[in-house]
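Worksheet for the structure shown next.
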Amino acid sequence: MYLVAVVGRPNVGKSTLFNRIIQRREAIVEDTPGVTRDRIYSDAEWNGRRFTIIDTGGIVPRSDDVIEKAIREQAQMAIEEADSIVFVCDAKDGVTATDRDIASILRRTKKRVTLAVNKCDNPSFDLSAHEFYQLGLGEPFSISGLNGRSTGDFLDEVIKDFAPNVNEPEDIRLKIALVGRPNVGKSSITNSLLGKERSIVTDIAGTTRDAIDSVLKYYGEEIVLIDTAGLRKKSKIDENLEMYSTMRTGRAIERSDIVVVVLDATRGLELQDKRIIGDAVTARKGIIIAVNKWDLIEKETNTASNFTKMVHEELRTYDYVPVLYISAHTKQRLTKIIEMAKEIQQRRLHRSSTAFLNDALLEDIDRTPPPAIRGNSLRINYITQTNTAPPVFAFFSNHPEDIPDSYKRFLERCLRKHVPLEGVPVSFIFRKKNRRRDE
């Protein structure tokens, strides 16, 4: 699809306009300049024309600040990628020196630019929009990203050279979300896999605040990588933008197939990591624990196996999650993330036959039957798989409501003994069945 980049200086309402165009709150919106840092991609549609729109951080042309410099580089990448550019200015501030600098950059690109004079929340601001003609980018469109005023005419201009799109099939590409605490190396892993600077990488914790999608070509197959903001402990989320980032990471988990929980090898498994893993299990996504910065650890004979044992002991009921040791810095075993994710996705999609499940599990159940509850003899008569991705297994019993949680955990251990489910959370449902197996 066509690519449209939204650019401008900080705090002119780019993200508000971006959210207005895609019709949902995806980019973080705050009054604080510099909230949007990386390029944020999303699909949009207007009058039968579908396109991909890119939100960017505010450009500060001459700043030496490390974050502002990185934002500027990211915005420049978006401009280079885009087929069309939306340049957003602020009607209330008028034309600024920074606007002129950015306009000069855009004129040199020779690309089509639509000039949006934002924050014209009512007609009284329209006259001030005329001064933006001096930027030399054609007619300025007075709009309001906040309330949607005049955005229709503006979007007509943006898409007027776009050809109609054809219907596309459902996106069945494997989607991998990289999640974890701040500064564990998620963006570095993404960039190393892609072979280019897709997300901003600095030593400052919390640099990535939005969920970022990238497409990786892996032996001819397209795989979507979702790099996310680092989750912080809830007690430390004292700004709205941190809360939004946490919520967005949760949504990234929801729309992924495989969740890669990135740990810092120098810090080990922390309470926050356990919570993230718990969120991924609750969402029933495939899970990998990737221990990054493994190159910084002094190795002995059993260093990795001891670390894995420690992680599984800490996680207890999540001991089916595989642990992978990597280094974004040296690129050690990074492609193993993709290989393992593909294997786990195949396990999520696998359907075990009813005959196999009953032959395998009923023998274990006969050896260790469920306990009697309130004088009722509990029996499990029949097992079948009802769904895949995530796998769901139904157990039919004479008293399904009485089966204790401890026995359900026993059933899960039995299932995993017979069915390859490493890295795959499963769901059980218990249903009523009156007929006994010995009848």
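Read-outs: derived from the displayed coordinates by stated rules, not from any lab. Values in this document were obtained by computation on a predicted structure and should not be read as measured data. When we count neighbours, we look across all protein chains shown, and the Cβ atoms used for this are built from the backbone with ideal geometry, even at glycine.
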Exercise for review: Would you please give the residues with an amide H less than 5 Å from that of GLY423, counting only those at least 5 places away or on a separate chain, with H modeled from the backbone geometry?
Suggested key: VAL321
Study note, to complete from the structure: Here the convex hull volume per residue of the range 103-192, taken over Cα atoms and given in Å³, is 226
Revision key, fill the gap. Looking only at lysines whose Cα falls under 16 Å of LYS14's and that sit 8 or more positions away or on another chain, we get LYS92, LYS119
Practice item. Search the structure for amide H atoms under 5 Å from the amide H of VAL86, placed 1.01 Å from N in the peptide plane, and list their residues when 5 or more places away or on another chain. Key: ALA5, VAL6, VAL7, THR114
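Within the chain, what percent of beta bridges assigned by DSSP are antiparallel, to the nearest 5? Please report the intermediate quantities before stating the final value.
Working: 22 of 66 bridges.
Percent antiparallel among DSSP bridges in the chain is about 35.
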Review point. Which residues' amide hydrogens lie under 5 Å from the amide hydrogen of TYR2, considering only partners 5 or more residues apart or on another chain, with H built in the peptide plane?
Key: THR52
Exercise for review: Starting from the Cα of LYS336, draw a straight line to each of the lysines and keep only those under 17 Å, dropping any in the same chain fewer than 8 residues away.
Suggested key: LYS175, LYS186, LYS217, LYS293
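Expressed as a rounded percentage, what relative contact order does the chain have, with Cα pairs under 8 Å and six or more residues apart? Show your work: numbers first, answer last.
Numbers: 854 pairs, mean separation 47.6, N = 439.
The normalised contact order for the chain reaches 11 percent.
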Review point. Applying the Karplus parametrisation 6.51 cos²θ - 1.76 cosθ + 1.60 with θ = phi - 60° to the phi angles of the range 70-78, what ³J(HN,Hα) value in whole Hz is obtained for each residue in order, glycine and proline being reported as x?
Key: 5, 4, 4, 5, 5, 5, 5, 4, 4
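Mind pulling the per residue volume of the convex hull built on the Cα atoms of the range 327-388? Å³ is fine. The partial results should precede the final answer.
Working: hull volume 9.7 nm³, N = 62.
In the range 327-388, the Cα hull volume divided by residue count equals 157 Å³.
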Review point. Relative contact order for the range 61-195 using alpha-carbon pairs under 8 Å, separation at least 6, rounded to a whole percent?
Key: 18
Point to revise | Calculated from backbone phi, Karplus (6.51, -1.76, 1.60) coupling profile of the range 358-363 in Hz, x at Gly/Pro | key: 6, 4, 7, 7, 5, 5
Practice item. Express in nm, to one decimal, how much length is gained between ALA163 and LYS92 on full extension, taking 0.36 nm for each residue of separation and deducting their alpha carbon distance. Key: 22.1 nm
**Study point:** Cα principal axis extents for the chain, largest first, Å
**Key:** 88, 53, 43
Exercise for review: Rounding to the nearest 20 debye, state how big the charge dipole of the chain is about its Cα centre with +1 on each Lys and Arg Cβ and -1 on each Asp and Glu Cβ.
Suggested key: 1280
Check your understanding: Using all Cα-Cα distances in the range 274-374, what percent lands in each 10 angstrom bin from 0 up to the longest?
Key -> 12, 30, 32, 17, 8, 1
Point to revise | Positive-end residue, the chain charge dipole about Cα centroid, Cβ charges, pick of PRO123, LEU415, GLY148 | key: LEU415
